[in-house]
Each structure stands twice: as C-alpha cells, then as structure tokens.
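Worksheet for the structure shown next.
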Amino acid sequence: MLTRIKSEITLWRVIVAIIFVTGMYATFLRFFEGFRASTNLSDQMPWGLWVGLGTLCGIGLSAAGFGISAAVYLLGMERYRPILRASILISFLGYMTVCVGYLYEIGLPWRFWHPIVMWNHTSVLFDVCVCIMTYTAVLTFEFAPAVIEKLPWRQFRETVLQYHHKILIGVVLAGVLLSSMHQSYLGGLYLIARGKVHPLWYSQYMHAMFYLSAIPAGLALTVMAIYLSMRSLNVRVDFGILSGGGRMIQLLLIVYAFFRVLDLAANQAWGYAFQRTSEAGYFWLEMLLFLAIPIFLLSYEHVRSNPERLYWACAVVVAGFMANRLNVSINALQTAMGAHYVPKWTELASSVMVIAAGVMAFRYAVIYLDILPKATSQPRSRWISNGGLPAQA
Amino acid sequence: MARRKAMLIDIKLCIGCLSCETACKQLHRFSPDSEPTLSDTAFTVVETRGDKFVRKICMHCEDPACASACPVGAIGKSALGPVLYNADKCIGCRYCMLACPYSVPRYQWSKLAPYVKKCDLCSERIKAGGQPACTEACPAQASVFGDRDELIAEAWDRIRADSSYVPHIYGVEEAGGSCVLFVSDVPFEKLGFKPAPTGNQPMPTLTASALGDSPKVVIMGGTILSALYWVTQRRREVALAEAEEKATINRIKEERS
C-alpha cells in the first residue's frame, strides 16, 4: 500500500500540488485580506502582474484559435484541420484564465457584470471587456462539438450538431473580427497613457503592434502544446503541419519586426535604445528573445524539421512575447510613474495557479475528448507523417 | 445653463500654511495629519518646490481622460465643472488612474471593497451656491473660486499688474483645458508642472482615432473574409464538380470498352 502511494508521487505532481496550495493561499489573501496584503500595487502602479501576465499575455498567447479557424474555415487551408480543435481549445482555456483573472484584478469583483449593462463607448477598456466576453462565447460555441459529440443521447447530439454546423461559418467570421479588435485594443489601452509609457514602447500605433505580435506568439504556444501532447499523451499529428507552423511564425515575426523597427524610427525613439537605462536593457532583451533569436533559429531547416528544436524555438518566441507585454505593462511605466514595482509572490502564485488549471484542463481534454488525432500504433511512430492526409479530429 | 466654475491657484501668493489641506480633511472627516502626496485620505496637498508651495489637486479637466477611459462610465464631467465619480458604478479596474495625465486618482488599497478617491471640487457645496472648503479656508487669496471665464480674466489682471508673474495661465488650454488654473512667478516647468502629453488637445483624442477606425476595419475585414470564404467554397465546388465529371467520363469509357 505504502509503496503504491509512493509510486504515485512524481516530481510533477509535487510541483502541481505546491502551485495549487500557494495559489489557493494567495487567492484567500486577495479576496479576504485585500489588495494591500496580496499585491505590491500602489497609486503609482495601479496595474501590475495580473494585467501584464494574466490579461495581456493570456489573451495574446490565445491568438492561435482565431488564426487557425480563419485559415481552415474561411481560407480552406485543410492542411491545418488536424490542429484546429487543439488551437481552439487553447484559446478557449486561455480566455477562461483571463475571465478568472479579471475577478482578481478588479477591486469590486461582484460587479464583474457592470460593463455588460453600463456602456462607455469612448473607453478602450469597455471595448476590450465586451469583445473578450463575446469572443469567449464564440470560443465556447466553436469548442462545444468536442463535448457534445461525447454525449450519450444520439438524437440530441445530431440535432444540435446539425444546427451548429449551419451557423458555424458566421460565428467563425464574427470571432475573427472580434479577436482582431480586442487583440489590438489591448495595446490601445495604453494609448491614453502617453507621457507615462516609455517612448521605446509608446506609439500611436500600439494597437497595431499588439495585433501583429499576438498571432506568431499564439501560434508558437500552440506548437508547444501540441509537441508536449504528442510526447506524453499518445496523440499523433503530422509533423509537417508543425514544421509549416514554424515557417509561418518566422514570417509573421519578420513582418512584426519590420513594422516595429519602422515605428520606432517614425517616433524617433531609437536614441532611447542606446541610453544606459534599465528600459533600454529590457528593450534589447525583448528584441533578442522575441525577434532576433527566433527569426534566426527558425530560418534553419534542421530547427524547423526537428520536433525538439522547434519546440525550444517556439519557447523562445513565447518568452520574448511575454517580455514584450510585461515591458509595456510594467517596465515602460515605472520611470514616469515614479514607481518601483516588483510583484508580490501572491500575485505570481495566483496567476500561476490559474494558468496551471488551464494547462491541466487542456491535458484532460486531450485525453478524454477528440482534440488531436489519437495514435493507434506504438508511441514510437508518433512523429511519422500519415501522408499529409487530414486526420480525423 | 449653469456657469462653469473654476478654481484659481496663485503660486506667488501661497504662503504654505496648509489651511486648504486641513479644511479638506476636516470636511471629509479624515485624520488631520498632513500627508506628503495625494492619497485616499488627502485630496489636496501642498508640495514644497524650492521656496515655493504648489498645491496638488484634481484638475477637473474640461474633457477628462479618466471619464473617457472608465469602462462603465462611472466618471463624468458635470455642467458646473467638477469631474465626478460615481462609486455605485465603479468596478475597481483602476484604468482612470493609468489614464489621468496628472496621476490624480487614488485607490483605497487597504479596503476589502475599495473605491477610487479624488477631489470633487466640493460639488454639493458649489451646487448650493457655496464654494469649496479649501478656497474658503485660504487666508492669502492664493486659492480662489469663481466662474471660469471671470477667473481667467482675474488671472490676467494679476499677471498684468505684476511683471514678476509668468505670462501664462496653466490650465486654460493644457490638455483641452481644466477647471483648476495656476498662475506663478516661477516658470511652471521648474515647479514640476509637466507639459500636457497632448499639448492643447484633450487626452481622449489619443484613443479616438483607434476607436474610430474600428467600424471601418470591421466592415472591410468582414467583407474581405466573406469574399475569401466565397472563393474557397466556389473552388471546392468546382473541384468537386470536375471530379464528378471525370468519374462520369471514365465510367462511360469503361462501359464502351
């Protein structure tokens, strides 16, 4: 008995347990002790890690859902159908973590519904709220068949899926537009903070920059998630798709880099990059991680065509993207706001717990639902292409 | 329509007696201790800059960034002039604090049901025909209250009568203008006044163009995506029809042979 229990205790289970225990305690502090006890936020730094990591990274890294669904449903790129459900699931869970995080962020969480009935159309944040709520509904709709098809009632299943299919294209189209809007509006949030956001990040086209950077980052996270699923969850995807995804990520990063460089020049901000300030340091870190290293790595065939190397290249993209969002939301503001903000452990612990819950939900969904094509043969063959045929997802 | 009210703060005349701070704290029943910066229990403070005293207070902008940024419309500009906060609508997102170019709004970080706190220009008192507690308490005519256009005229009179004044009234045009005005005998930038980030344009213009573009983007994007979808469908149909045709021809050929 004891040895059985012992064998159940693995390193990852211990880590998950630690994440949830600390996260629950941080949650308790947030809701029963307040901001002072659970955050290092201040009047000088009203938005911190929850916004930077939870919302900006959470939404940005969930951008693959609309990208892949647009590619498959609207542009007829059937090649990507096998990873369609996985990307929609990642987006759906990503938005769920943001919705939960929203309750931590706002001071009066029981009023979370106010933006639905109290409108202020001049507010970028209002538009973000409404878009995120609507798009979460869209994602729920797009993901629903994966759950509905597992229900035991045949008649019900068929009727629902039939109606679902009829309106699907319209919903996908609305979803693409909604996503495009709020992915960019997240950057638009900082437009009004001119004079507070450091010139290396402030631009009147911040919203466009956010939009352009979110899509490659979302794709990179999807590639990572699918790689991990294939490694540990007995699913099989034609690696050619992921390899093609790597090329796509590189292309999108080059486009983003082009506009970012141009935008900095147009704002005459390049001078700030060569000053001896912490902002310049953060800027170069972001440039290296998000643009220079990934574009360099992904230009090599033997990186794109090797699962593990592709995984690490995508990991660098995701890290660089997070550096960008944290720079905008925290590092770019500190000097002008006269603040010195380092997140409290509780902020990090609660965010990590919510993200961990999303990751676990993804894992169980892949195991119990038809998210990715299941491998029928021995796990060794999981990288072998199935001839490029669209697998049944 | 009610006449727009305003407050004129004369940095030359201010003696730094803190009467305004104390009066404000008394009115709101806060602890009377002076605080170094604005807080949720200090809606105005007197800061020392060299040998000068500068009041910090909500500027009550004509076109406020906070009001435009608030997602639920909890902040609004009233006809008399004050920028007012409606605590019943607030969700506590603190976007107003990020948006304010003067970094004025404060938050009750220690409370379990925290609200935003800032000066309301004693809205209730001025509605009843009175004046704010701080201007009433000022013994030096350094903070005076009145109609906005009359105060601007008065400020110009003070500037003209005394050549030591800087010939500029801060707040008439900055960020689209505000209902708190400053005159000074020391250049404003030396007193920590930052030029407004938008010059004389109201702050909400910063987001207006991005938001104004969205209907166009949605219509254009929707049209393009629909067109692409139509093309995709059409190609699929054509491919299907062609395959069928080929199959029929093959069948006929087979039958003949």
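Please report the antiparallel percentage of the DSSP beta bridges confined to the protein assembly as shown, to the nearest 5.
DSSP beta bridges in the protein assembly as shown are roughly 85 percent antiparallel.
Which percent of Cα-Cα pairs in the protein assembly as shown sits in each 10 Å bin, short to long?
3, 14, 22, 22, 16, 10, 7, 3, 1, 0, 0, 0
Please give the direction-averaged projected area of the C-alpha convex hull for segment B:106-177, in square nanometres with one decimal.
7.4
Taking Cα atoms, how many degrees apart are the long axis of helix B:205-256 and the longest axis of chain B, rounded to 10 and kept between 0 and 90?
Result, in degrees: 10.
Give the order of A:SER7, A:SER38, A:SER179 when sorted by the count of other beta carbons within 10 angstrom, beginning with the fewest.
The fewest-first ordering by Cβ neighbours comes to A:SER7, A:SER38, A:SER179.
Based on other C-beta atoms within 10 Å, arrange B:TRP230, A:TRP50 from fewest to most.
B:TRP230, A:TRP50
Given just the C-alpha atoms of segment A:267-325, how large is their convex hull per residue in cubic angstrom?
83
What's the center-to-center distance, using Cα atoms, between segment A:76-139 and segment A:229-271 in Å?
If we compute the Cα centre of each part, the gap is 23 Å.
In deg cm²/dmol, rounded to 500, what helix-only [θ] at 222 nm does chain B give when every DSSP H run of at least 4 residues adds -39500 (n - 2.57) and the total is split over its residues?
Only helices count here, giving -12000 deg cm²/dmol.
Kirkwood hydrodynamic radius of chain B from all distinct Cα pairs, in Å?
The answer is 21.7 Å.
For segment A:85-96, just list the computed ³J(HN,Hα) in residue order, Karplus coefficients 6.51, -1.76 and 1.60, θ = phi - 60°, integers in Hz, with x standing in for Gly and Pro.
5, 4, 5, 5, 4, 4, 4, 4, 5, x, 5, 4
Ranked by Cβ crowding within 10 angstrom, fewest neighbours first, how are A:VAL255, A:VAL124 ordered?
A:VAL255, A:VAL124
Put a dot 7 Å past each Cα toward the Cβ at B:ASP149 and A:THR140; how far apart are the dots in nm?
With each label placed 7 Å out from Cα toward Cβ, I get 5.4 nm.
I need the P(r) histogram for segment B:1-71: all alpha carbon pairs, bin width 5 Å from 0 out to the longest distance, whole percents.
Result, from short to long distances: 3, 14, 21, 20, 18, 15, 7, 2, 0 percent.
Mean residue ellipticity at 222 nm from the helices of chain A, using -39,500 (n - 2.57) per DSSP H segment of n ≥ 4 over the full residue count, to the nearest 500 deg cm²/dmol?
-21000 deg cm²/dmol
I'd like to compare A:267-274, A:357-364: which one has the highest average count of other Cβ atoms within 10 Å, and what's the full order after that?
Order by mean packing, descending: A:357-364, A:267-274.
Highest mean first, what order results for A:335-341, A:114-120, A:187-193 on Cβ atoms within 10 Å?
For the peptides A:335-341, A:114-120, A:187-193, the packing ranking is A:187-193, A:114-120, A:335-341.
Can you give the FRET efficiency for B:ALA113 and A:HIS340, using 1/(1 + (r/R0)^6), R0 = 35 Å, r = Cβ-Cβ distance, to the nearest 0.05?
For B:ALA113 and A:HIS340, the calculated efficiency is 0.80.
Hey, could you grab the Kirkwood Rh for segment B:207-257? Inverse mean 1/r over distinct alpha carbon pairs, Å, one decimal.
Kirkwood hydrodynamic radius for segment B:207-257: 14.3 Å.
Calculate how large, on average over all directions, the projected area of the Cα convex hull of segment A:56-371 is; give the answer in nm² to one decimal.
Mean orientational projected area (segment A:56-371, Cα hull): 17.6 nm².
How far is it, in nm, from the label point at B:ARG160 to the one at A:ARG4 when both lie 7 Å from their Cα along the line to the Cβ?
Those two pseudo-labels are separated by 9.7 nm.
Please find, in a Gaussian network model of chain A (springs between Cα atoms separated by less than 10 Å), the residue of A:GLY48, A:GLY244, A:GLY94 whose mean-square fluctuation is greatest.
A:GLY244
Starting with the highest mean, order B:231-243, B:54-66 by the number of other Cβ atoms within 10 Å, averaged over the residues of each peptide.
By packing density, highest mean first, the sequence is B:54-66, B:231-243.
Among A:LYS196/B:LYS12; B:LYS12/B:LYS56; A:LYS344/B:LYS111; B:LYS56/B:LYS117; B:LYS12/B:LYS77, which pairs are too far apart, with a Cα-Cα distance over 23 Å?
As for pairs spanning more than 23 Å Cα to Cα, those are A:LYS196/B:LYS12; B:LYS12/B:LYS77.
Give the cross-link partners of A:LYS166 among the aspartates and glutamates, using a straight C-alpha distance below 18 Å as the criterion and excluding same-chain residues fewer than 8 apart.
A:GLU142, A:GLU149, A:GLU158, B:GLU237
Once the Cβ-Cβ distance between B:CYS17 and A:PHE28 is put in as r, and R0 is 56 Å, what FRET efficiency do you end up with, to the nearest 0.05?
0.75
If I stretch the segment between A:GLN44 and A:LEU348 completely, what's the gain in nm (0.36 nm per residue apart, minus their alpha carbon distance), one decimal?
Using 0.36 nm per residue and subtracting the Cα-Cα distance, I get 107.5 nm.
Give the Rg (one decimal place) followed by the Dmax (whole number) of segment A:1-108, computed from C-alpha coordinates and expressed in Å.
Here Rg and the maximum Cα pair distance are 19.3, 56 Å.
Any read-out appearing in this document is the output of simple, stated calculations on the displayed coordinates, not a laboratory observation. Just so it is clear, the model here is predicted, and its values are computed rather than measured. Here Cβ is always computed from backbone atoms with ideal geometry, including for glycine, and neighbour counts include all displayed protein chains.
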